[in-house]
Structure formats: structure tokens, C-alpha cells
Amino acid sequence: MAENFSFKLTATDGRARRGLVSMPRGEIRTPAFMPVGTGGTVKAMYMDQVRGVGADIILGNTYHLMLRPGAERVARLGGLHDFARWPYPILTDSGGFQVMSLSKLRKLTEQGVTFRSHIDGAPYEMSPERSIEIQGLLDSDIQMQLDECTALPAKPNEIERAMELSLRWAERCKTAFGDQPGKAMFGIVQGGDSAALRVRSAQALKAMDLKGYAVGGLAVGEPQSVMLEMLDITCPELPADKPRYLMGVGTPDDILKSVARGIDMFDCVMPTRAGRHGLAYTRRGKVNLRNARHADDPRPLDEESDCPAARDYSRAYLHHLVRSQEGLGAMLLTWNNLSYYQKLMQDIRAAIEAQAFEARAAEITE
Ligand SMILES: CNc1nc2cc(C(=O)NN)ccc2[nH]1
């Protein structure tokens, strides 16, 4: 039987860490980027391709899956891995962030949050216990606590109230999760842009001795400098021997700067969403294939890439597909973008191993 759940640090360079998370469904090389598989699919990608670009783990959204097709239905069909044909680790978020950003008529109490589906208006309630139950029905490998993510800017007393509620919900999620060998439940540090509240949140979660820790409530409209400052404050308070996951981040530059501050795991819709909007990430910067200047350009996005989407198709063809709103356009650009992000992570891991991360970070371009 593979490891139930372990995290080993194999190299460090300053505060940057190279590590390995081992779980029954597979290993996760850190620093890691998790492609977002919102409704049980990484949009415009086959799961074989997602694996092929080097992803060790994907993210599933509890909110979307509980509304459609339903957590009990996914469980009846054998769980999310069989349903979506992804046999490797899956991290599911708790649903809290999407409830607050997508649903209607939300009402938040100590017990949990009640809301109406953005799809058909049906009423739902999400408590810490129900969120963990749903993530269990999905057979998720890494489950996130339910928390309240405060949008910034916010009043200090509002940030404090939400942070303290999230700590009480962390305790309830820990109790509801119990002891599930081979799975993990991560706590989420909240506290907005307040150093004091971030420290209090991190210290209280550390005392709960969880298997991993997310830093939430960032990349919600604050400047990058504030996000990085919060990482400078938060990471030192977290156990060094547990994974640290920065939720919803980010651009290549965000990732480089966050790895340098001690973050191990990332998720972001940017590479997949940008791909659907005609935007390609390349080693020489971003390329907007909608732009007419590409109409006659025979060059590929990156002739040196080992991703066919970057190497085998002309910019002219990609421009044509994007302008014609052909499905293949979104497919090829998503493939290119996820390949770029995984190559970025591979370069970051290699640089840390070579004790050269701080020196080389500048070369690993946006
Ligand atoms: C795109 N920015 C961004 N920030 C996030 C924060 C959270 C969070 O605190 N969940 N508990 C989740 C997803 C996020 N996505």
C-alpha cells in the first residue's frame, strides 16, 4: 500500500522548498501547480493530456459538482476519479469561495451558509460537516475546510469575525473528517490583509495539527505587494514539515515570488481560462492570438517546446481558429498554457534542487 499521506522536503534554497507529497493515488512533486477541473473536467482538455503535460494533481470544485451532477450521484457512479477518468490525486475546495462568489440569496450563520443555486435557484445549505461529507462522496484525496473568505478591502472587525468563524469551522471540519488514512484535510489561514489576524489564524490552525495548510483570502483584489507581505508573515508561523497551498494563485510572476516565500502548491484558472480567450503563455511572454498581426505568421508559438500545441501549429492557424471561434482553438491554447505552467513548475523544482532558485528565478520569465 502506498504511503497514506506524507510530505518530505528534499531541498531548500532560502525559503523556497522542493518536496514530495506521497498519497495512495500517487505522488505530488512540489512546488506543484494544480490545473482547475471545475465540473470534473479540465475545460477543453482530455485527462490524458493533463497528465501528459506533467500534472500530478488536479483541483475539483465542490460547489459546481454538488449542484450538478450532485455529490450522491457521483458517489453512486464510483467517485470523481472513475467518473472523470483521472486516477491520480484530486484536491477539492470546500465550496465556500464559490458560494460567496457565484450563488444567490446567500445567508451566513454560525451553523453554515444557506444559498440558492446559480443554475436553477434551488435552495441548499452548506455546513462544515456537509462540505466534508460532499468531499467524501466525491472520494476527494485532499479536502479543504469550509471557511469564510473575506473580499478585500474590508473593515478590520469584519476580517476578524470571518477569521474567527473560519477557525471554529476548521475544528468542526477536523471532527467531521475524522481519521481517513490515505486522505488529508487542509486548514485555511484567513485574516485578510491584517498581519496580526494572519498570525493568529496560522497559530490556531497549527495547534490543530492538520496534514496541510492553505493560505486563503488572497488574490481577491489586493495588490501583489500586500499578498506577498501576508506570505512573509504567515509562512513562518506554519509547520515546516507540512505542505502550504496558496489558493487561487496565480500568474507566473505570482508563483515565482510565492515559492520564494515558502509556498508549495498552487491552483489558478488563468492558464485554462486564458486559453479559451485566445491568450497563449510562452517563454517570451503572453501572445494574444486574436490580434490581426498573427494572421500571416507561419511561426509556431515555441519551436523548442515539447508540447505539440506550441511546436506544430502556426500562429496564423491559431489566429484563424480563435477568430473563427473554432473549438480547436481553445483546445490547443489550453494545452499550450497548461504545458507552459507545468514547465515553469519543473524549472522551479530544478532550480531549488540546484540551490539556484534565487539566482535563476529572474530567468524563468513570465
Ligand atoms: C483568484 N483568487 C482566489 N482567491 C481565493 C481564495 C480562496 C479561499 O480563501 N478559499 N477558502 C479560494 C479561491 C480563491 N481564488
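Miscellaneous remarks
- DSSP bridge analysis restricted to region 100-249 gives an antiparallel fraction near 40%, rounded to the nearest 5.
- Neighbours of Gly37, meaning other residues whose beta-carbon lies under 15 angstrom from its beta-carbon, give a summed charge of 0 when Lys and Arg score +1 and Asp and Glu score -1.
- Here the Karplus curve 6.51 cos²θ - 1.76 cosθ + 1.60, taken at θ = phi - 60°, turns the phi angles of region 80-93 into couplings of 5, 4, 5, 4, 9, 6, 10, x, 9, x, 10, 9, 10, 7 Hz, with x standing for Gly and Pro.
- Under the Karplus curve 6.51 cos²θ - 1.76 cosθ + 1.60, θ = phi - 60°, whole-Hz ³J(HN,Hα) for region 288-293, x wherever Gly or Pro sits: 8, 5, 6, 5, 4, 5
- Principal-axis tilt of helix 327-353 within the chain, Cα atoms, nearest 10 degrees: 70
- Under the criterion of Cα pairs below 8 Å and six or more residues apart, the relative contact order for region 152-210 equals 41 percent.
- Neighbours of Gly262, meaning other residues whose beta-carbon lies under 10 angstrom from its beta-carbon, give a summed charge of +2 when Lys and Arg score +1 and Asp and Glu score -1.
- Working from label points 7 Å from Cα in the Cα-to-Cβ sense, the Arg73 to Ser101 distance is 2.4 nm.
- Contour excess over end-to-end distance, with Cα ends at Asn288 and Ser22 and 0.36 nm allotted per residue: 92.0 nm
- Database remark: amide H of Val249 closer than 5 angstrom to the amide H of Asp267 (H placed geometrically; neighbours at sequence offset of 5 or more, or on other chains; Pro and chain starts carry no H).
- Taking amide H positions as modeled 1.01 Å from N, with prolines and chain starts lacking one, the residues under 5 Å from Lys43 and 5 or more places away or on another chain are Thr38.
- Label-point separation, Arg323 to Asp253 (7 Å along Cα→Cβ), nm: 3.0
- DSSP assigns beta bridges within the chain; of those with both partners inside it, close to 50 percent run antiparallel.
- Backbone amide hydrogens, once placed in the peptide plane, bring Asp297 within less than 5 Å of Ala316, excluding anything fewer than 5 places away on its chain.
- If the chain linking Val269 and Met208 were pulled fully straight, counting 0.36 nm for each residue of separation and taking away their Cα-Cα distance, it would gain 19.0 nm.
- Span from the region 305-366 Cα centroid across to the region 96-172 one, whole angstrom: 34
- Computed over the chain, the per-residue total of -39500 (n - 2.57) for DSSP H runs of n ≥ 4 gives a 222 nm mean residue ellipticity of -11500 deg cm²/dmol, rounded to 500.
- Straight-distance candidates among the lysines for linking to Lys211, with alpha-carbon spacing under 26 Å and chain neighbours fewer than 8 residues away dropped: Lys8, Lys174, Lys183, Lys242, Lys257.
- Counting charges near Ser225 (Lys, Arg +1; Asp, Glu -1) among other residues having Cβ under 14 Å from its Cβ returns a value of -4.
Values in this text are rule-based calculations from the coordinates and carry no lab data. These numbers come from a predicted model, not from an experiment. Note that we place each Cβ from the backbone using ideal geometry, even for glycine, and neighbour counts take in every protein chain shown.
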